[in-house]
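A short reminder: the numbers here are calculations on the coordinates, not readings from a lab. All values derive from a computational prediction rather than experimental measurement. Quick reminder, even Gly has a Cβ in these numbers, built from the backbone with ideal geometry, and neighbours come from all protein chains shown.
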Amino acid sequence: MAHFSSFEDLEVYKEATLFCDDIWNIIQNTSLQKDYKLREQINGSSGSIMDNIAEGFGRGGNKEFIMFLGYSRGSCSESKAQLLRAYRREHISEETYHVLNNKAQNLLDQLSKFINYLKKSERRGSKFD
């Protein structure tokens, strides 16, 4: 894997931003906008996926990055649970639920692979270069 100078260049970060945008779109265009608690939770958790990737990258060390990627995974799982609640409360259609749930699962898989890559890497991180 190439060394990246910016978290914005990471494919998993790009996917996380798209997922966050998708969540914002359903907040703005469905009855979810009126379900204040759920709206704020899913907005926060979907944003936390990308935020933790950025923060972990910014720490400059693989151990810390792995820890923050784990937080990102947790936020992604939380978003999946909140999507199910949004579907069960009839804020989103079954099709929208499945599309977004699949995107979230893809993010979880990418994050897991990235964590495993970093665990096996001999490079300790940019702050050690």
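Modelled label positions at Gln105 and Lys34, each set 7 Å beyond Cα in the direction of Cβ, lie 3.2 nm from each other. Annotation: amide H of Gly125 within the under-5 Å range of Asn62, sequence separation 5 or more or interchain, hydrogens built in the peptide plane. Residue by residue, the stretch 69-76 carries 3J(HN,Hα) couplings of 5, x, 4, 4, 4, x, 5, 5 Hz when phi is fed to the Karplus relation 6.51 cos²θ - 1.76 cosθ + 1.60 (θ = phi - 60°); x denotes Gly or Pro.
Across the stretch 33-38, computed HN-Hα scalar couplings (Karplus, 6.51 cos²θ - 1.76 cosθ + 1.60, θ = phi - 60°) run 4, 9, 8, 3, 4, 5 Hz from first to last residue, x flagging Gly and Pro. The fewest-to-most ranking of Lys14, Lys113 by surrounding Cβ atoms within 10 Å reads Lys113, Lys14. When only alpha carbons are used to place a centre, the stretch 1-52 and the stretch 68-99 end up 11 Å from one another. Calculate how steeply helix 11-29 sits against the longest principal axis of the alpha-carbon atoms of the chain, using the helix alpha-carbon long axis, and give the answer as 0 to 90 degrees to the nearest 10. With rounding to tens, the tilt is 20 degrees. Amide hydrogen proximity for Ile92: with H placed 1.01 Å from N in the peptide plane, the residues at 5 or more positions away or on another chain lying under 5 Å are Tyr87.
Phi-derived couplings, Karplus 6.51 cos²θ - 1.76 cosθ + 1.60 at θ = phi - 60°, listed residue by residue for the stretch 45-55: 5, 5, x, 5, 4, 6, 4, 6, 4, 4, 5 Hz, with x used for Gly and Pro. Taking the stretch 7-122, how many lysine pairs are there with alpha carbons less than 25 Å apart, if each pair must be eight or more places apart or span two chains? Lysine pairs meeting both conditions in the stretch 7-122 amount to 17. Applying both filters, DSSP loop and at most 16 other Cβ atoms within 10 Å, to the GluC sites (Glu not before Pro) of the stretch 36-108 gives Glu90.
The convex hull of the Cα atoms of the chain, projected and averaged over all directions, covers 7.3 nm².
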